[in-house]
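The values are calculated or read from the model by the stated rules, or taken from the named source; none is laboratory data. As the structure is a computational prediction, the values presented were derived from the model and not from experiment. A quick note on method: Cβ atoms are made from the backbone with ideal geometry, for glycine too, and the neighbour counts reach across all protein chains shown.
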Amino acid sequence: MILSRTTMTKKEFAAQKGNSVSQSVKGETPELSRPVDDSGRLEIKSESEEDTSEFEHEVDEDEEESDSSNPFVYHFANPNEVLLKSMVNHAQSKEWTTEKLKSTANANGKPSKYSMSVQRPGSLPFHEEIKTSAANLNDLKIKKRLISPFLDVNKKHGSDGGIFSNLQKSLIPPIFSNEDLLFAPRSISNAQEIQNIYSLHALNHIFQTRDTVLKNNARLSKLRRSDENFLELRDQGFTRPKVLVVLPTRNACHQFVETLIRLSGTSQQENLKRFKTTYYSNATLPKTKPEDFRQLFAGNNDDNFRIGLKFTRKTLKLFTEFYNSDLIVASPLGLRLAIGDKTDKKRDVDFLSSIEIVIVDQTSAITMQNWDHMIQIFNHLNLIPKDSHGCDFSRIRNWYLDGESKYLRQTLVFTEFITPEINALFSHQMHNIGGKVKFHPVYSGALTDIGTKLDHVFTKFFSSSPQEDPEKRFKYFTTKALPSLMRTTSASSSGTLIFIPSYVDYVRIRNYLEQEHQINKKLGASGFSFSAINEYSSVSDVTRARALFKDGQSKVLLYTERLHHFRRYEIKGAETIFMYALPDNPSFYLEIVRFLLRSVSDGRADKGAISVKSIFSKWDALKLERIVGTSRVAKMCAGSGEVFEFS
Amino acid sequence: MAKQKVKDEDRDSKLEEVELTEGDGELEPKEIETFEGLGVIAPICEACKNLKFKKPTPIQQQAIPVALEGRDVIGLAQTGSGKTAAFAIPILQALWERPQPLFACVLAPTRELAYQISEQFEALGSVIGLRCAVIVGGMDMMSQAVALGKKPHVIVATPGRLMDHLEHTKGFSLRGLKYLVMDEADRLLDMDFGPIIDSLLLHIPRERRTLLFSATMTSKVEKLQRASLANPVRVAVSTKYETVKTLLQSYLFFPFKHKDTYLVYLVNEMAGQSMIIFARTCNDTERVAIILRNLGFAAVPLHGQMSQSSRLGALNKFKAGARSILVATDVAARGLDIPTVDCVLNYDIPTDSKAYIHRVGRTARAGRAGKSLSLVTQYDLEMYLRIEGVLGKKLDEYPIDKEAVMLLSERVGEAQREAVNEMKELHAKRRNRKTEGISGARGKRKRTDDMDKEES
């Protein structure tokens, strides 16, 4: 026999004290109470009713805190200690079992738009008992006060006469069973549906936590009067913030907070005016830019912000101090600045110690910001704090004290496409012992959306590891691709656009071309002029380079993915496009290829002369899949073929 | 057999005495040979076996049954006679019968001793899943608060830091405490700790068992009342101030100005043996350690002005045998159980005769042999004679060749001069650190003590 930690459980406590105090405890935790006779039970009922009336103004009594069919209780509030330990051990030693779920057909018989894979720690059989069904809201164990606002907000998304859309139905099981989620089929058309669901979950989590704490406060203050304090009520973390939402821009934050306000059913909001002035702007972008660009950069597109939100019964308070907040919304940069530097003496990251849900939305846009900030944020989550900040140690959950909170944290990542960085986040930073689910879309390929006949040539080069990929790529480019590219360029009157996603590669190639240019000049050989623009170039530099390229005065233009992401220029005068690496965002491929079609329609290039060439290695499978389609990518990456042409 | 008599003069606290002189116990045929015989439950007996406790020591034989009955105990036994287990075993057994978090609290006067006691508790209690926390000064408050938040069964603490947590760590209280132990109780109950013990006791329920243990015990009843014992039993295995028989004690008398020279000579004589040198001040320990190091001896200082991590580091090095000489203040005088110590050298004569008993008790532990040497100069004579008076015997003079000693004086003088310079640097460093420490956050001071670093 081993002395268990909570040697004085509620049960024992209740058993020892045969008076009204214990009965009130029993009443609220029915499954812990020992069998009692009928009369006893009746008594209990009346007791607990009295209790509820006492703090009804503060707390909904719509759920039992130890109802283990409630995923909040099962996962956070009252996890099985033995199971928890073994799962954490599995997660620590990185023993995960992966199960690929067969893409189930939709209700209307169409093939599913995505494939799903589920990972769980250890080799235990997957526990299905808490799988939440999406049939109706009551089954989700949602706080009652959240139900009617949600029905109202989500009205237009419901399908087949139900509350939820089909997409929402597939999102609900993992999200509401507190599993980790990487959801790649996000798009501007389903953004709101997704946001409604995760906002509901975040609010539900905050309210459940808060209500439990308030209820226990009342219970303890009652007990204190009767001078007993052996009751173990562990219901909180080190600090108050429970949910962290990471978004790319202030505008996205504004939108999210709007959704929260409507979903929370709060009748008043403090500091809303200040929020509007600092986070909202009605600036719109020209219609000529693509839709996703206008969505992402609309309004206040500042990417440096952080804000704390606090909920009380009737009000939502904005701009609360972090240690007093339930929810923190921040951009990676904003949060990184709050975290500060290691050398910083007043460094304080304790507010990240007790985050139980992390939501990252529009992750694909965040990859275009500094991804290093994201890594730093995740490294600072769920650490044991440096200072107590006045927390009550007798009420901190055991798994917090044991430093296991990162194994219970739920992380939800929504992205329009998956990059290796996001995959790394999924495998190295998401440790949720509840399991993790990945939704991977089935792509038909961006190529099919072009609509015009055009030759696309993909050439494969070999590299044995991602680490040596840049070196191999550079070598392949300078020895194989560049000479032939130069031949076609000098033969033609129009220009070649070289698209380079990474800035590092960009600098390397710019320097290489510069060097070649100097050598050619010395030899008196006919060199060619080139210009190069990137995300750091000034507007005037970019304008000049574009004009030179358009006029054919510079034959080659180097162009980076981030520049395209932030500006979405239309480059005129291209006849050949060479992709040093494929863009992460498949729509960029389309937009860039359309430069050629534009050249043709402008009469600058001959329809037969235009071409798109790309080089790739097997490490580019994710990017390639989005462009050529899921069905082809495996063959292209694994096969022995080197050149693939689509027309 | 133990003679029991109620002492009349202690009527106030109704001291019941169980006195046992050493010879008596051994001759007695009824002596209890096993822990089982004392009423100790099987799992703990098993743990004792694993720790190679062959049979209960006299103090254990006397104290355990009384404590198991649930009486308050004042335990008095020589240094190195197994007092820690004498209170740990009854507490573990009571805990086993009625498990409860924050069940017992053990107070110790020094941090090192607290760590040592907790090690013993953990060793004995691991079989029953004991959780134990050490709460001492100089360590991070936050991680201690986390440890307390986990509700350990036993807390081993130094009084100051425990008070700090009771006042500042929300959600931590000792209101459910069942056992309070004061190890080195006379030290805890005297003037230095008295006030803080008084305020600690306000946080601890009156309905508890209290166990006091020491090798030397205060006779003043008012001090004992501080611990508010209820009907205590006094268990004494020796007369009040007695040193162990296996300890060979001697002294050396010489003029003060040759003190360092004599010390170096003695250390050299005993090279290869493990020894503790006791000095009066922190400064002296550092100076002596530097002199010895300059002369090529592996010496490491231990005193209260070092950071807690360097203190533990120094002690661990000495324990592991990486350093054979520990130069310490009285912070190491009590309780520390380092079985390998061959010799205790009193560089300064202790001002308190009790301190002498405890100092020399660091050697000749648990039946082993050991020796102690006191360096007496013309200024220490009065103190030394008082100690002899308390011990009730005259010690032998250590035979020494005075001319051989004087041969060393030149080298020692050199080392002394070097030491003076090094000390100056050290103090300058410390001053800098202090000013940094004030501007920086509390407890974040960088560790610049390189006193116990590996030599290159």
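Among the residues making up the range B:131-150, those that are under 26 Å from B:A94 (Cβ atoms) and facing another protein chain (nearest Cβ under 7 Å) are B:L148, B:G149, B:K150.
Report, by residue number, each residue of the range B:97-130 that is aromatic (F, W, Y) and over 19 Å from the mean Cα position of the chain (by Cα).
B:F103
Here A:S427 fulfils each of the conditions (1) surrounded by fewer than 19 Cβ atoms within 10 Å (Cβ to Cβ); (2) outside the structural domain of A:S177 (by TED's automatic domain parsing) apart from (2). Just to be sure before I move on: is B:V327 among the aliphatic types (A, V, I, L, M) and more than 18 Å from B:Y115 (Cα to Cα) in the structure I sent? Yes: the conditions hold for B:V327. Applying the set (1) in contact with a strand residue (DSSP E or B) (Cβ under 8 Å, 6 or more places away or on another chain); (2) farther than 20 Å from A:R598 by Cα; (3) not aliphatic (A, V, I, L, M) to A:F474 leaves exactly one unmet item: (1). Residue pairs whose Cβ atoms lie under 7 Å apart, separated by 6 or more positions or on different chains, with the first residue in the range A:501-518 and over 14 Å from A:R473 (Cα atoms) and in the same structural domain as A:H564 (by TED's automatic domain parsing) and the second at pLDDT below 90 and assigned to a helix (DSSP H, G or I), do not occur.
Return yes or no: is A:L408 modelled with pLDDT of 95 or more, under 20 Å from the mean Cα position of the chain (by Cα), surrounded by 21 or more Cβ atoms within 10 Å (Cβ to Cβ) and of a type outside the set (K, R)?
No, not satisfied.
Residues considered: B:A157, B:A133, B:A94. Of these, the only one that is modelled with pLDDT of 90 or more, under 16 Å from the mean Cα position of the chain (by Cα) and assigned by TED's automatic domain parsing to the domain that holds B:R209 is B:A157.
The lone criterion from (1) part of a helix (DSSP H, G or I); (2) farther than 18 Å from A:P501 by Cα left unmet by A:F644 is number (1).
Within the range A:260-272, is there a residue that is over 25 Å from A:C391 (Cβ atoms) and over 28 Å from the mean Cα position of the chain (by Cα)? For the range A:260-272, residues over 25 Å from A:C391 (Cβ atoms) and over 28 Å from the mean Cα position of the chain (by Cα): present.
Considering (1) without any contact (Cβ under 8 Å) to a residue 60 or more places away in the chain; (2) at the interface with another protein chain (Cβ under 9 Å from one of its Cβ atoms); (3) touching a helix residue (DSSP H, G or I) at 6+ places or on another chain (Cβ under 9 Å), the lone condition that B:M163 does not fulfil carries the number (2). Against the list (1) more than 20 Å from A:I571 (Cα to Cα); (2) surrounded by 15 or more Cβ atoms within 10 Å (Cβ to Cβ); (3) at pLDDT 90 or above; (4) touching a helix residue (DSSP H, G or I) at 6+ places or on another chain (Cβ under 8 Å), the condition A:V457 fails is (4). Somewhere in the range A:601-609, is a residue surrounded by 22 or more Cβ atoms within 10 Å (Cβ to Cβ) and in the same structural domain as A:D455 (by TED's automatic domain parsing)? Within the range A:601-609 (the criterion being surrounded by 22 or more Cβ atoms within 10 Å (Cβ to Cβ) and in the same structural domain as A:D455 (by TED's automatic domain parsing)), the answer is yes, since at least one residue qualifies. Being away from chain B (no Cβ under 14 Å) and surrounded by fewer than 19 Cβ atoms within 10 Å (Cβ to Cβ) is a property that A:A330 lacks. For the range B:173-190, state whether one or more residues are surrounded by fewer than 23 Cβ atoms within 10 Å (Cβ to Cβ), within 11 Å of another protein chain (Cβ to nearest Cβ), touching a residue at least 12 places away in the same chain (Cβ under 8 Å) and hydroxyl-bearing (S, T, Y). Yes, the range B:173-190 contains a residue that is surrounded by fewer than 23 Cβ atoms within 10 Å (Cβ to Cβ), within 11 Å of another protein chain (Cβ to nearest Cβ), touching a residue at least 12 places away in the same chain (Cβ under 8 Å) and hydroxyl-bearing (S, T, Y). Here A:K342 passes the criteria (1) closer than 30 Å to A:D469 by Cα; (2) within 14 Å of chain B (Cβ to nearest Cβ) except the one numbered (1).
Close Cβ contacts (under 7 Å, 6 or more residues apart or on different chains) running from residues in the range B:388-417 that are under 17 Å from B:K257 (Cα atoms) to residues that are assigned to a loop (DSSP other than H, G, I, E, B) comprise B:R411/B:L295; B:A415/B:L295. Contact map, the range A:454-478: first residue of a type in the set (K, R), second residue outside any loop (DSSP other than H, G, I, E, B) and loosely packed, with under 15 Cβ neighbours inside 10 Å, Cβ cut-off under 8 Å, separation 6 or more or different chains; pairs are A:K460/A:V643.
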